[in-house]
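Data block below; observations after.
Every number in this text was worked out from the coordinates using simple rules, so none of it is lab data. Small disclaimer: the values here were computed from a predicted structure and weren't measured. No Cβ is skipped: glycine too gets one built from the backbone with ideal geometry, and neighbour counts run over all protein chains shown.
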Amino acid sequence: MQLKLQTIICSTRPGRAGPAIARWFNEFASRHGKFETSLVDLADVKLPIYDEPHHPRLQQYEKAHTQEWSASVAAADAYVFVIPEYNFGPPPSFVNALNYVYKEWNYKPCGFVSYGGVSGGLRSVQLAKQLVTTLKMMPMVESVAAPMFSQLLDEDGHFRSNPLIDDSAQQMLDELFKWAQALKPLHTAAA
Ligand SMILES: Cc1cc2nc3c(=O)[nH]c(=O)nc-3n(C[C@H](O)[C@H](O)[C@H](O)COP(=O)(O)O)c2cc1C
């Protein structure tokens, strides 16, 4: 059975760039061929600011949105977060979505596709890595960054990568696959 990779669109605001970049990456990951790929959009998930009474570790979810999010996160073996930089950090929609569940993230690898101005979202990724390790995720060293990303959107709003970005996506996926294989027994046993 193929390992399942979810590409998660982390921004939720109207007019966001996230979906264009995430669609490109999801197609790239499909062509990579090692994973069964799917796209998850936090704007569709519509999580309110964390509103469960119990610690997520207990999995005593009272809200339907949490139960649905739990099932969605649990279904994957690996994640790639397509993440912008808001004030040098990750967007609150990402932090909130992480907080909602705990065990569902445990012992799984994750990568980042970041975008922004000159930084390419790298400052956001550095902080995001610290958060995901608390959830026992393994962040990849290899990462995809798109500086000045708006110059890579064509007139139809499609993201047009370049050889440097393609190369980093390939390397990150190769690494993610190794970790996903290695961690599969661990997160299966813990589930
Ligand atoms: C609240 C906010 C803060 C931002 N802060 C940064 C920043 O620190 N660094 C950066 O490169 N771009 C920053 N930007 C510009 C974003 O890179 C740009 O708006 C991008 O489109 C955001 O991703 P999104 O369209 O998927 O929401 C910020 C944008 C917003 C809305």
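Over the chain, DSSP H runs of length four or greater, each weighted -39,500 (n - 2.57), average out per residue to a 222 nm ellipticity of -13500 deg cm²/dmol.
Taking the chain as the reference, fit the longest principal axis to its C-alpha atoms, fit the long axis of helix 122-134 to the helix C-alpha atoms, and give the angle between the two in degrees, 0 to 90, nearest 10. So the inclination is approximately 20 degrees.
Each DSSP beta bridge with both residues in the chain is either parallel or antiparallel, and the antiparallel ones are about 5%.
Going by neighbour counts of Cβ atoms within 10 Å, the residues GLU104, GLU155, GLU52 line up, fewest first, as GLU155, GLU52, GLU104. Within the range 63-153, DSSP assigns beta bridges of which about 5% are antiparallel (rounded to the nearest 5). Under 5 Å between amide hydrogens, built in the peptide plane, is the criterion, and for VAL40 it picks out THR7, ILE8, ILE9 among residues at least 5 positions away or on other chains.
Could you work out how far helix 18-32 tilts from the main Cα principal axis of the chain, as a 0 to 90 degree angle to the nearest 10? With rounding to tens, the tilt is 90 degrees.
With θ taken as phi - 60° and the Karplus curve 6.51 cos²θ - 1.76 cosθ + 1.60 applied, the whole-hertz 3J(HN,Hα) list for the range 47-59 is 7, x, 4, 2, 9, 9, x, 10, 4, x, 4, 6, 6 Hz, x standing for glycine and proline. Eigen-decomposition of the gyration tensor built on the alpha-carbon atoms of the range 48-158 gives equivalent ellipsoid semi-axes of 28, 15, 13 angstrom, largest listed first. In units of the rule-of-thumb radius 2.2 N^0.38 Å, the range 135-191 shows an alpha carbon radius of gyration of 1.53. In a simple Cβ point-charge model (Lys, Arg +1; Asp, Glu -1; nothing else charged), the chain has a dipole of about 460 debye relative to its Cα centre.
When the Cα convex hull of the chain is projected onto planes of every orientation, the mean area is 10.3 nm².
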